[in-house]
Amino acid sequence: MAKLSNYQLILMGTNFFTTVFIISLPSQIIATSRQDAWLSYLPAFLIMVIPLWMLSKVMHRFPDQDLFSVLKSRFPIVGSMLTSFYLLFFFFILIRDFRMFIDFISVALLQRTPLTVIGGLVILTCILSARSGVQVVARMHELFYPLLMLITVILPFLFYAGTDIRWMQPVLAQGVKPVLHGSWLAVSYIGEIIILPFIVSNRTFQLKQGLISLLIGAYMLEMLVVLNLLVLSPNLASRMMYPNYELAREVRVTEFLDRFDSILVTFWLPALFQKISLMLNVICHGIKQMMPGVQERSLSTSLGILAFVCGFWFFENPLQLLNLNGGWPAVALIFEILLPLCFYFMLKPRFHR
Amino acid sequence: MKLFRVLVFSLFFCLLLTGCWDRKEINDIAFVLATGIDKESNLYRVTLQIALPGQMGAIGSAGGSGGTGGGKSWLLDSATGNSIRDANQRQQESLSRLLYFSHRRIIVIGENMARAGIEPIIEVISSVPQNRVSSYVLATRGAAKNALNNQTKMEKFPAEKIRKVADIWMNNPPTIKDVANVLQTEGIDLTLPLLAEVKKNQLTPEDVKEYINIDGLAVFKRDKLVGSLEGNQARGILLATNKAETPIVTFRVPQTNGRVSILCRNYKVDLQPTIQNNKINLTINFKADVYVLANESNAALGTGDIIQKIEQAAASEVEKEIQDGVRTLQQKYHSDALGIGDTLYRHNPKVWNRYKDNWDTLYPKIPVKVNALIHIEQTGSLTTPLGPRQGDLSK
């Protein structure tokens, strides 16, 4: 069982749903909700409080076990099936995130380097990181993620002269439907926070940590989307592949502070590495729960290579990743809301006379 | 054995270090500082101003030290093509260094190109991540290639000079981002700073040099150039759109002789559209705190109600300039450069939806009222002008 501090868990939880979210998804949300995109995030965050609460209650019933162990021990056959489904779900997220990450590097940073080389180096780094264990990954979160959070705090001050409130007006001119459509796109990414009970037991994971992670993530995502609207405008932000990267390139404090995108990328890329490493680690941990004889460390290598191959096999180009976001919530919400609801009502300790 | 495998594995991946493919040595790059785009029949002419690092000596020097000899610190390369990307490719074929657009400061659009429509070029200059959407966009009379080939004594490169002149002339000159936003927004048309060549006499009549200057505003209807505004009309529109950079307004004060110049230190503009009897009216409220920069009249500032008279005269002048500019935009060019339609949408989207399909016929008929409120905050270090005698002062 991984022993993590509350602080580490909060950072990991926030990292889990923010770092990949801010790559391309804001562009699609702004394309649907336009100037009301900042409203789209709020229902998504509120909805995800419910499964977090339900899972914290479930964990409370089974002390000193993570959710994989709970499923396996309470319902051996059905639990194993559910664990397999969750592992496939997380594995698909890993492939999606991996491919999104290397596409971003290829388009924005290293245009001439072959995609396979970028992918190979990324997956190698993540494999080595995952092999070290979740505690090492958690300590890496403590090192890099607070700096990314700090950037979102200072970013508004760097744009003091470059914003135009017109771009956020008029509010709700197109009605509520586009806002809800934007929430639909956002909710599946935010719902990935439900991975927390799969990593640790109830001694570490309480509702409080989940809520703090959601709150910090909400601030970061809202701040970035508001700045996207005010600085780039809905017209431009909705047509860009990587609007937050373009936003960072707009920072200019006289001639002194230019090329802020380099600073953003310096802190953002390690956070992306950490998410992929953590995901790899969680999947290996889950497989080990189902097959106790397997070695976690060697699993990381095999799964990492499989993720590398599937990343190229499943997606031909970055546009397919964008198209996935339209229908993916229909699948993701089964694992993020429906199944936690079932766990809440059905996962209870055996009654011993 | 295990250590050996790890070492081999690591060494193998070192061979794939990504720095190799995207490695760009600084002496393999041609830094593009400015791009000029012209239309010649069906072809695009693209002119690039490229920095020559070896020639960069002191500012304004004719040449630098070193092996490359004297000469300008920049070079112009021009080529035509079926598209801008095609023209860039032809230029690349004759250059020994890779064109690098990350440091491009300005984009100048020639008159023919502007009249043909600038929509196709906006995508090209922003699609590659290397291009920055923060480059200034300006229009020019005549060909853009001539605008980039001009003299500069105070700056190293003409591109730098044009950029700084634009910064002095207006507040937040339009960038590619701003141009793209305006083109995509309904109810607003584009204006760009307009460059022109100006001949200036130096010490003798024969010593005439040509300089590039900002002559006014290029006015667009959708993405096509339709005309220009100069002088007070251009300043009026800059004031009305909150884009004048510390504007100076000079005017006569009634019952005095001579002129007074004021500097608008802080000013605020508010566009208020109203609907009365199904007709749209626009009120432009202009408020400014000003500084008396020069008093070339015989008005004694510290006496009577002279300050109020100056404030009223200043307000009348500002109202006149804005009215003139708006009238020309409405009657002559039918260009909604103020963004009245966009303002109407932001205030009342339902009303805008009703009128937007007929906006081209409605816009020229909209009555525009300007209310200027000027407050003199500072009068400078003199209360009375030094020139006139005591008896000649107007009080």
- [ ] State, as an integer percentage, the relative contact order of chain A based on alpha-carbon contacts under 8 Å between residues 6 or more apart.
- [x] 40
Open item on the list: Please compute the average number of Cβ atoms from other chains found within 10 Å of each residue's Cβ in peptide A:109-121.
Closed with: 4
Task: Label-point gap, in nm, between A:Phe85 and B:Ile26 - each point 7 angstrom along Cα→Cβ - done: 5.9
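Determine Rg/Rh for the stretch B:282-369; Rg is computed over alpha-carbon atoms and Rh is the Kirkwood hydrodynamic estimate from the same atoms. Before the final figure, lay out each step's value.
Details: Rg = 18.1 Å, Rh = 15.7 Å.
That ratio is 1.16, to two decimals.
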Task: Shape box of the stretch B:174-331 [Cα atoms, principal axes, largest first, Å] - done: 60, 53, 26
Task: Per-residue [θ]222 nm for chain B (sum of -39500 (n - 2.57) over DSSP H runs n ≥ 4, rounded to 500) - done: -8500 deg cm²/dmol
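Sorting A:Thr113, B:Thr384, B:Thr35, B:Thr274 on the 10 Å Cβ count, fewest up front, what's the list?
B:Thr274, B:Thr384, A:Thr113, B:Thr35
Given chain A, what count of lysine pairs have C-alpha atoms under 16 Å apart, with each pair 8 or more places apart or on different chains?
So the count of such lysine pairs works out to 4.
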TODO: Filter the chymotrypsin sites (Phe, Trp or Tyr not before Pro) in the stretch A:142-172 down to the DSSP loop ones having no more than 12 other Cβ atoms within 10 Å, then list what survives.
DONE: A:Tyr160
- [ ] May I ask you to list the lysines whose Cα is less than 20 Å away from that of B:Lys365, ignoring any residue fewer than eight positions away on the same chain?
- [x] B:Lys221, B:Lys279, B:Lys320, B:Lys332, B:Lys356
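How do B:372-379, A:277-284 rank on mean C-beta neighbours within 10 Å, highest first?
The packing order, highest mean first, is A:277-284, B:372-379.
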TODO: Would you be so kind as to identify all helices of chain A, as entire DSSP H runs, whose Cα atoms reach 15 Å or more along the helix's own axis and whose mean Kyte-Doolittle hydropathy is at least -0.5?
DONE: A:6-18, A:21-33, A:37-61, A:76-104, A:115-131, A:134-158, A:177-190, A:207-227, A:260-290, A:296-314, A:318-333
Task: trypsin sites (Lys or Arg not before Pro) restricted to DSSP loop in the stretch A:168-248 with at most 15 other C-beta within 10 Å - done: A:Arg203
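For every helix of n ≥ 4 consecutive DSSP H residues, a contribution of -39,500 (n - 2.57) applies; sum these over chain A, divide by its total residues, and give [θ] at 222 nm rounded to the nearest 500 deg cm²/dmol.
-24000 deg cm²/dmol
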Task: chain B, relative contact order in percent, only Cα pairs under 8 angstrom and at least six apart counted - done: 13
TODO: Sort all Cα-Cα distances of the stretch A:8-121 into consecutive 5 angstrom bins from zero, then give the percent of pairs in each bin up to the one containing the longest distance.
DONE: 2, 9, 11, 16, 18, 15, 12, 10, 6, 2, 0
TODO: Give me the distance between the Cα centres of the stretch A:24-84 and the stretch B:91-167, rounded to whole Å.
DONE: 50
Task: Highest to lowest packing among B:135-146, B:40-51, scored as the average C-beta count within 10 Å - done: B:135-146, B:40-51
TODO: Quick one: check the C-alpha center-to-center distance for the stretch B:341-369 versus the stretch B:221-245, whole angstrom.
DONE: 20
TODO: For the stretch B:240-339, count all C-alpha to C-alpha pairs, find those more than 19 Å apart, and express that count as a whole percent of the total.
DONE: 50
Task: Which of A:His285, B:His347, A:His60 has the fewest Cβ neighbours within 10 Å, and the rest in rising order - done: A:His60, B:His347, A:His285
Task: Two-site FRET efficiency, A:Ser262 against B:Leu3, from Cβ-Cβ distance with R₀ of 22 Å, rounded to 0.05 - done: 0.05
Task: In the stretch A:105-187, trypsin sites (Lys or Arg not before Pro) in a DSSP loop with at most 15 other beta-carbon atoms within 10 Å - done: A:Arg112
Task: Whole-number D in µm² s⁻¹ for the protein assembly as shown, Kirkwood Cα-pair radius fed into Stokes-Einstein, 4 °C, 1.567 mPa s - done: 43
Open item on the list: What's the ranking of B:72-81, A:98-107 by average number of surrounding C-beta atoms within 10 Å, highest first?
Closed with: A:98-107, B:72-81
Task: Cα extents of chain B along the three principal axes, largest first (Å) - done: 98, 60, 55
Task: Share of Cα-Cα pairs in chain A lying beyond 36 Å, as whole percent - done: 19
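Since every read-out is calculated from the coordinates, none of them should be taken as a lab result. Nothing here was measured: the structure is a model prediction, and the numbers come from that model. Reconstructed Cβ throughout: ideal geometry from the backbone, glycine too, with neighbour counts over all protein chains shown.
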